Amino acid sequence: MPLGCRSDTLETRVMIVPFDEQGLERACELLCAGELCAFPTETVYGLGARADRAEAVGKIYAAKGRPATNPSIVHCADADSALSHAQEVSPLALRLARAFWPGPLTLVLPLRPKLLAAETTAGGSTVGLRVPNHPMAQALLREVRLPIAAPSANRSTQLSPTLAEHVEKSLGSSVFVLDGGATGFGIESTIVRVVGSAIEILRRGSIGPVELQEFGPVVDLGAGVTDATAPMVAPGLTRRHYAPAVPAFLVDRAQLPQRNEGSSGLLLFADTDASVGLSGQPIERLPREARAYARGLYAALHRLETSGAARILIEAVPSDPSWNAIKDRLFRAT
Ligand code: AMP
Ligand code: MG
């Protein structure tokens, strides 16, 4: 009997388990049996379920409170198995897969019918495919040998998890989490689709237009906002997403002293001078370098969210393009 179906385990069993041989084995058994398993990727923690079974994928949507209209990204161990779920792979899509996989790029491609549960792709005719490069995600996918649907392991619209503890904080202690420590990039994958000779960015992420431009003209649709009730091109584009549970506001450095009140939590740059904060106020600081900022962003917001602050004031970030994906997440969080 799969371990996930055992009833002899203690009520208080620890659901955050270290990523060792035993943890990996248990995770595979759970996934094979159609249960959920959260695991680290290089972007954020994913909430995985086998993508070929409707009941399994349904558990993701129930746990997250995710609308059934929002498709999930399918994770595979390598490009061949990922692309086997696409009906057609254009030469440009193939070049992108070769260049960026394994890595934080999701390719939206025409779906090959019948292999995946319709729920995985929200009934649509395309599929979002990704090959993560995180060593633990890789090990898990190689071992389980199944396509794994895995949106971020948090309640829908909330902050994404970059630590195993964040998964528990958002989804409760009933979800099995493989603990791989802090994720690398800290924000979600870049989602693209190929249209003719162009690459359309549907969601901004750590792979930016500059890297993609080498392969063809890039159209950045990632700054847009879609209506949450309409069928979505890329549902990460709804206005409110990736959001803390308390109201958050983006504030220019110059406005911070006027806007700041004792009940606010602050997210500042490491080098912003200390006089901005009031004594006893929860303050998080992040480096003024886009990659390092992205890595620490969600964890800082998670801490501010639980600090008791009534609102979060976030120091506005630079307008340089390297900050685009971060600006996108902050825009949707505020
Ligand atoms: P997340 O919930 O952040 O883990 O990532 C899931 C996101 O991937 C969705 O919100 C969509 O934006 C995107 N996505 C997944 N599959 C597709 C698809 N077939 N077409 C367009 N976007 C997709
Ligand atoms: Mg998400």
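The values are calculated or read from the model by the stated rules, or taken from the named source; none is laboratory data. Keep in mind that what you see is a predicted model, and the values were worked out from it rather than measured. Please note: Cβ atoms are built from the backbone with ideal geometry, for glycine as well, and neighbour counts cover all protein chains shown. The protein model used for the area step is the full one, side chains on, heavy atoms only, and it has no ligands, DNA or RNA in it. Shrake-Rupley method; radii C 1.70, N 1.55, O 1.52, S 1.80 Å.
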Segment 148-217 - Rg and Dmax from Cα coordinates, angstrom: 15.5, 46
Cβ crowding within 10 Å averaged over residues, with 116-127, 143-154 ranked highest first: 143-154, 116-127
At q = 0.14, 0.17 Å⁻¹, base-10 log of I(q)/I(0) for segment 38-120 (Debye sum, equal scatterers on each alpha carbon): -0.51, -0.75
Euclidean distance of C-alpha centroids, segment 114-149 and segment 192-220, integer Å: 21
Summed side-chain charge close to Phe269 - residues other than Phe269 whose Cβ falls under 13 Å, Lys, Arg +1, Asp, Glu -1: -3
Ratio of Rg to Rh over segment 1-146 (Cα coordinates, Kirkwood Rh, two decimals): 0.98
Estimated inter-spin distance, Ser279 and Ser173, nm [label 7 Å along Cα→Cβ]: 3.8
Mean accessible surface per residue for the chain, computed with a 1.4 Å probe while every protein chain stays in place, in Å²: 43
Karplus-derived HN-Hα couplings along segment 28-39 (A = 6.51, B = -1.76, C = 1.60, θ = phi - 60°), whole Hz, x at Gly and Pro: 5, 4, 4, 4, 4, 7, x, 9, 8, 8, 8, 8
Estimated distance in nm for a label pair at Ser307 and Glu21, the labels positioned 7 Å out from Cα along Cα-to-Cβ: 4.4
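Give me the percent of the accessible area of segment 15-56 that comes from carbon and sulfur atoms, probe 1.4 Å, all protein chains in place.
On the way: 670 of 1400 Å².
Roughly 48 percent, rounded to a whole number.
Give me the net charge for the shell around Ile16: Cβ to Cβ below 10 angstrom, other residues only, Lys and Arg +1, Asp and Glu -1.
Residues close to Ile16 contribute a combined charge of -3.
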Overall Cα dimensions of segment 72-118 - principal axes, largest extent first, Å: 28, 19, 16
Helical mean residue ellipticity (222 nm; -39500 (n - 2.57) per DSSP H run of 4+; nearest 500) of the chain: -7500 deg cm²/dmol
Counted charge near Arg203, where neighbours are those whose Cβ lies closer than 9 Å (Asp, Glu -1; Lys, Arg +1): -1
Phe249-Leu92 pseudo-label distance in nm [points 7 Å out on the Cα-to-Cβ vector]: 4.3
Kirkwood-based Rg to Rh ratio, the chain, C-alpha trace: 0.97
Computed accessible area, Ile283, all protein chains, 1.4 angstrom probe, square angstrom: 60
Surface share of carbon and sulfur [accessible, 1.4 angstrom probe, percent] for segment 147-218: 51
